[in-house]
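Taking it in order: structure first as structure tokens, then the write-up.
Just so you know, all these numbers are worked out from the coordinates, no wet-lab data involved. The model shown is predicted, which means the values in this text are computed figures rather than measured ones. Virtual Cβ from ideal backbone geometry, glycine too; neighbours counted across all protein chains shown.
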Amino acid sequence: MKQELIIAGFGGQGVMSMGQLLAYAGMKEGKHVSWLPSYGPEQRGGTANVSVVISDKEVGSPVIDKPTSVIALNNPSFEKFEPMLIEGGDLFTNSNLVDISSKREDIYFLPVPATEIAKNLKMERVAGMVLLGAFITKTKVLSKDSLLEALINVLGEKKKHLIGVNEEAILAGENLIEKKLFLTK
């Protein structure tokens, strides 16, 4: 199994952290991974993105031309990366921030109300974890346990108190997919 994912959004939305977390979880499972951030001029308010490859086989290049999945956290990211997605690929959006709907009928479109769910958990900053929970459940590229283990290692002792709410957010994303509480094409 090979998953080539692009996560994109504005600075401060946790794009890079989400990518690092997935790469770390992949390593925990003994998979081959790459993590390639893209900052460039995006630091000035444009779209920042990260490419993550998770594979059972060696990764030849961290550059992704045709992603198997995209997580778009804002409209500019949706507009930039939705056309690149392969046929049969998964397009996850934070539907509270992305007000565009995909017209493509050859992909799975999964608008997740991540910000709303995070607000209900009383911590808006875990919206990305909701999307990661949905992503790993839909694609089955990683286990929830390895993602949670990676989260514990990434947050460390100083932020250990945030593990619970992050776990709740991941579970909420997982539940959306399992209960099919989303639109697909």
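For the pair L155 and K180, label points projected 7 Å from Cα toward Cβ lie 3.3 nm apart.
For the chain, the average shadow cast by the Cα convex hull is 9.8 nm², which is a quarter of the hull's surface. Compute the FRET efficiency between D145 and E79 as 1/(1 + (r/R0)^6), taking r as their Cβ-Cβ distance and R0 = 25 Å, and round to the nearest 0.05. My answer for the efficiency is 0.10.
Helical content alone sets the calculated 222 nm signal of the chain at -11500 deg cm²/dmol, taking -39,500 (n - 2.57) per DSSP H segment of four or more residues and averaging over every residue.
Counting only DSSP beta bridges with both residues in the chain, the antiparallel share comes to about 55 percent. Extension gain for M1 to V165 (0.36 nm times residue separation, less C-alpha to C-alpha distance): 56.1 nm. Distance from the Cα centre of the range 1-33 to that of the range 103-139, in angstrom? Their Cα centres are 15 Å away from one another. Relative contact order of the chain: 21 percent, from C-alpha pairs under 8 Å at least 6 residues apart in sequence.
Report the charge-dipole magnitude of the chain in Debye, nearest 20, computed about the Cα centre from +1 at each Lys and Arg Cβ and -1 at each Asp and Glu Cβ.
260 debye
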